[in-house]
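Here's the structure we're looking at; comments come further down.
Readers should treat all values here as calculations from the given coordinates under stated rules, not as data from a laboratory. Here the structure is a predicted model, which means the values were calculated and not measured. All Cβ positions, glycine included, derive from the backbone under ideal geometry; neighbour counts span all protein chains shown.
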Amino acid sequence: MANIRKSIDYLFISKVRIKSLRYFMFHPEVPIHLRGAVREFSEEINAVRRELNRLEEIKLLITEKRGNRKYYSLNKEHPYFEDLLGLIHKTFGLGGDIVKSSSKLGELKYAVLTSSFTRGVPLEPNDVDLVLIGDLNLDLLGEIISNAEKRIGKEINYTVLSESDFEIRKKRRDTFVYNLVLGNHILLVGDRLTFVN
């Protein structure tokens with residue numbers, strides 16, 4: 001697979017815009033003001049202001065005044081929200097690590113980030129953040145998960161299914177697999193049509 005990070009850099013020329021999108025997609029519920037964004041992105045204030053204003057102008061960000069500060073937050077109703085969420089999660093963080101390591105992980109048929117992970121929704125007792133399907137190198141997967149947990153400061157709940165187990169459970173309409181296939185998720189690796197059908 002081509003260097004996906006380089007693709008993003010070329011697609012979105014502004015490094016500050018990439019940092020802005022990354023921040024808001026990884027923290028969809030956390031508003032931020034200009035000076036906070038400058039600290040978070042480690043960029044010049046004028047460059048950050050320009051990118052936040054551009055994202056506000058296209059309505060990807062919404063703003064709220066609190067005292068004399070203007071807070072920016074993600075507009076989850078924007079028509080490109082889901083696409084950008086997938087793009088960012090396939091490039092950075094845990095999803096990016098899985099995509100980059102997919103050939104080393106073994107015979108990875110599908111890798112799925114669930115909405116509980118991508119949208120920061122609290123997990124129910126039986127929920128998972130990541131589902132991988134195939135015959136995998138579990139040691140390497142453990143390293144990837146461990147590094148991601150250290151980076152984000154929280155435990156990542158994941159499950160690994162063999163391809164045959166996944167197909168059997170899909171045919172039986174197993175609740176876990178059924179909800180996974182029909183639910184809101186980001187397919188990191190694999191073909192969407194064969195995953196769903």
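A simple charge model with +1 on the Cβ of Lys and Arg, -1 on the Cβ of Asp and Glu and nothing else charged puts the dipole of the stretch 140-193 at about 220 debye relative to its Cα centre.
Determine the relative contact order of the chain: mean sequence separation of Cα pairs under 8 Å and six or more apart, normalised by residue count, in whole percent. List each step's numbers first, then the result.
On the way: 240 pairs, mean separation 37.0, N = 197.
Relative contact order, the chain: 19 percent.
Ordered by the count of other Cβ atoms within 10 Å of each Cβ, fewest first, Arg50, Arg35 give Arg35, Arg50.
Convex hull volume of the Cα atoms of the stretch 94-196, normalised per residue: 93 Å³. Listed by chain and number, the lysines whose alpha-carbon sits under 24 Å from that of Lys104, ignoring those within fewer than 8 places in the same chain, are Lys6, Lys90, Lys150.
The ranking of Lys6, Lys90 by Cβ neighbour count inside 10 Å, starting from the fewest, reads Lys6, Lys90.
Stretch Glu64-Ser103 to full length: gain in nm at 0.36 nm per residue minus the Cα-Cα span?
Values: separation 39, 0.36 × 39 = 14.04 nm, distance 4.41 nm.
Working it through step by step, the gained length comes to 9.6 nm.
Shape analysis of the chain yields a ratio of the Cα radius of gyration to the Kirkwood radius, Rg/Rh, of 1.00. The ranking of Thr175, Thr91 from fewest to most other beta carbons within 10 Å of each one's beta carbon is Thr175, Thr91.
Taking Cα centre as origin and charging only the Cβ of basic (Lys, Arg, +1) and acidic (Asp, Glu, -1) residues, the dipole magnitude of the stretch 94-196 rounds to 320 debye.
Considering only DSSP states other than H, G, I, E and B, which trypsin sites (Lys or Arg not before Pro) in the stretch 153-197 qualify as loop sites with at most 15 other Cβ atoms within 10 Å?
Details: sites: Lys154, Arg169, Lys170, Lys171, Arg172, Arg173, Arg192; in loops: Lys154, Arg172, Arg173.
When the trypsin sites (Lys or Arg not before Pro) of the stretch 153-197 are filtered for loop state and at most 15 Cβ neighbours within 10 Å, Lys154, Arg172, Arg173 remain.
Largest GNM mean-square fluctuation among Asn68, Asn126, Asn137, using the chain with Cα springs under 10 Å: Asn68.
Taken about its Cα centre, the chain carries a charge dipole of roughly 860 debye when the Cβ of each Lys and Arg holds +1 and the Cβ of each Asp and Glu holds -1.
Eigenvalues of the Cα gyration tensor times 5, then square-rooted: what semi-axes does that give for the stretch 4-74, in whole angstrom, largest first?
Numbers: eigenvalues 85, 31, 24 Å².
Here the semi-axes work out to 21, 13, 11 Å.
Taking the DSSP beta bridges with both ends in the stretch 94-196, the antiparallel portion is around 75 percent. Restricting the stretch 72-143 to chymotrypsin sites (Phe, Trp or Tyr not before Pro) that sit in a DSSP loop and have at most 15 other Cβ atoms within 10 Å of their own Cβ leaves Tyr80. In the chain, taking the dipole from charged Cβ atoms about the Cα centre, the farthest positive-side position among Thr175, Val128, Gly106 is held by Val128.
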